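Right, one structure below, let's go through it.
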Amino acid sequence: MKLFTLLTALLLSISLCAGALASTADARIVAPNTAKITAPYAGTLLPFDWQSGDPVTASETLFSYQTTPIYAPYSGKAAAVHATRGDDASAVQSRYGALAVIEPIHPLYIAASNNDAYDKDENKYLHAGEFLYLKNGNDKGTGRVTSVDGDRYTVEILTGPYDPGDTVRCYRESGYASDSETGRGKVYRYPDITVTGQGRILSVNIYEGQMVNTGDLIFETADIMAEPDSSRFISSPNTGVISALYATSGQQVYRGQLLCEIMDLTALELSIELDELDIPVIHVGDTLTYTLDAYPDRTFTGSVTRIFPIGSPKQNASYYDVRMTVSTENITLYPGMNATVTIN
């Protein structure tokens with residue numbers, strides 16, 4: 001009888017000890033890697049429709065800057081392009097005088113006078129926009145009156161093999177009849193068109209020798225504090241979800257301003273809220289079992305990877321954040337999912 005009593009007491013003691021050694025702790029799935037997206041330079045954001053919780057992929061454009069466009073002021077050929085992407089526009093202009101130089105399509109003009117016009121009143125009365133026929137020896141061509149000032153007028157040469165310094169006669173009739181001569185003058189060259197701007201060059205849409213039309217976009221610039229390799233686009237560094245959004249469409253932002261946070265969903269782990277009484281029995285590298293509320297019929301295992309040394313007070317006790325790996329085999333996990341970990 002005494003032996004039976006002793007055995008019973010021993011079994012009860014073992015049972016109580018085993019029960020004391022085994023406990024559980026609440027846990028949840030977390031995404032430890034969150035990228036903070038900041039504005040690389042000051043500027044204005046173009047409209048966007050992102051919202052907190054939206055998924056994003058690596059390299060996907062999150063935000064775009066409104067740039068300062070520089071358009072071709074005149075049609076012609078790009079005789080020289082001095083600026084390259086990343087340049088300080090002011091520095092380029094200080095050295096070369098311009099970001100680019102455009103040679104007009106019709107670079108020559110005649111500074112003419114009607115003093116030598118055939119003695120007819122109509123030959124001495126010209127109009128801007130009027131079409132004239134040109135002649136220098138046997139070289140024939142055409143031109144258009146661009147301005148009139150008393151007895152002087154300017155003719156832009158449209159066709160003809162003329163050179164600066166040539167003296168050219170102007171006629172109203174294609175047959176070059178002497179009584180249709182409106183005067184004559186010397187050939188000059190228009191000055192090339194210089195393209196200027198300010199800020200950091202973000203894009204160059206022109207190359208030497210290219211023909212451009214008035215209004216073509218040839219450069220885009222941004223705030224001078226932008227880095228030389230800056231872009232007008234701000235992209236996501238990884239695949240994940242927008243966990244916090246601080247920017248608004250059309251907002252002016254300053255350099256370094258926090259725009260949003262991207263939670264990386266490719267590296268999830270379990271965050272255990274561990275009672276201080278269990279801390280002594282847990283070590284980095286230990287293997288623990290856990291269950292997920294979303295998959296109650298399955299048991300998983302993971303390894304302890306980190307124990308945060310600073311606890312948080314709760315109900316007269318301190319709790320510590322302990323991290324462990326999670327299994328993603330044949331299941332879908334999201335941050336915030338609840339779990340229960342068994343502490344042996």
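The values are calculated or read from the model by the stated rules, or taken from the named source; none is laboratory data. Please read all numbers here as calculations on a predicted model, not as lab measurements. Every residue, glycine as well, gets a Cβ built from its backbone with ideal geometry; the counts of neighbours run over all protein chains shown.
What to note about this one:
- Residue identified as in a loop (DSSP other than H, G, I, E, B) and among the hydroxyl-bearing types (S, T, Y) among T332, T340, T301: T332
- Selection status of L158, surrounded by fewer than 19 Cβ atoms within 10 Å (Cβ to Cβ) and of a type in the set (A, V, I, L, M, F, W, C): yes
- Qualifying residues in the range 205-241 (those that are under 16 Å from the mean Cα position of the chain (by Cα) and among the small types (G, A, S)) - the one farthest from G336 (Cα to Cα): A222
- If you check L202, L259 for being in contact (Cβ under 8 Å) with a residue 40 or more places away in the chain and closer than 30 Å to Y334 by Cβ, only one passes: L259.
- Counted residues, the range 249-262 - those being surrounded by 13 or more Cβ atoms within 10 Å (Cβ to Cβ), under 17 Å from the mean Cα position of the chain (by Cα) and not basic (K, R): 6
- Selection within the range 89-129 - touching a helix residue (DSSP H, G or I) at 6+ places or on another chain (Cβ under 9 Å) and not assigned by TED's automatic domain parsing to the domain that holds Y153: A98, L99
- Only one entry of E220, E227, E208 meets the criterion of being among the acidic types (D, E) and either outside any loop (DSSP other than H, G, I, E, B) or modelled with pLDDT under 95 (or both), and that entry is E220.
- Candidate set: the range 263-284, residues that are more than 43 Å from the chain's Cα centre (by Cα) and part of a loop (DSSP other than H, G, I, E, B); chosen: the one surrounded by the most Cβ atoms within 10 Å (Cβ to Cβ): I282
- G197 vs. criteria within 23 Å of A100 (Cβ to Cβ) and modelled with pLDDT of 95 or more: yes
- The set of residues in the range 163-205 that are within 30 Å of Y71 (Cβ to Cβ) and assigned to a loop (DSSP other than H, G, I, E, B) comprises P164, Y190, P191, D192, T196, G197, Q198, G199, N205.
- The residue of the range 302-333 that is nearest to the chain's Cα centre (by Cα), among those that are among the polar types (S, T, N, Q) and loosely packed, with under 11 Cβ neighbours inside 10 Å, is T332.
- Residue in the range 140-156 that is part of a strand (DSSP E or B), free of Cβ contacts under 8 Å to residues at least 12 places away in the same chain and either over 30 Å from S90 (Cα atoms) or touching a Phe, Trp or Tyr at 6+ places or on another chain (Cβ under 8 Å) (or both) present: yes
- Just one of the numbered conditions (1) in a loop (DSSP other than H, G, I, E, B); (2) more than 30 Å from P40 (Cβ to Cβ) is not true of T84: (2).
- Of residues in the range 88-105 being assigned to a loop (DSSP other than H, G, I, E, B) and surrounded by 18 or more Cβ atoms within 10 Å (Cβ to Cβ), the one farthest from the chain's Cα centre (by Cα): A98
- Residue list for the range 230-262, filter: of a type in the set (D, E, K, R) and not in a loop (DSSP other than H, G, I, E, B): E261
- All positions within the range 108-136 that are under 50 Å from the mean Cα position of the chain (by Cα) and not in a loop (DSSP other than H, G, I, E, B): L108, Y109, I110, A111, F131
- Residue identified as among the polar types (S, T, N, Q), under 23 Å from G76 (Cβ atoms) and not assigned by TED's automatic domain parsing to the domain that holds K77 among T167, T146: T146
- Hits in the range 90-124 - residues which are at pLDDT 95 or above and out of contact with any strand residue (DSSP E or B) (no Cβ under 6 Å at 6 or more places or on another chain): S90, A91, V92, Q93, S94, R95, Y96, G97
- Boolean, I157 is β-branched (V, I, T) and modelled with pLDDT under 95: no
- Leading residue by the ranking (surrounded by the fewest Cβ atoms within 10 Å (Cβ to Cβ)) among those in the range 171-210 that are more than 24 Å from R95 (Cβ to Cβ) and among the aliphatic types (A, V, I, L, M): A177
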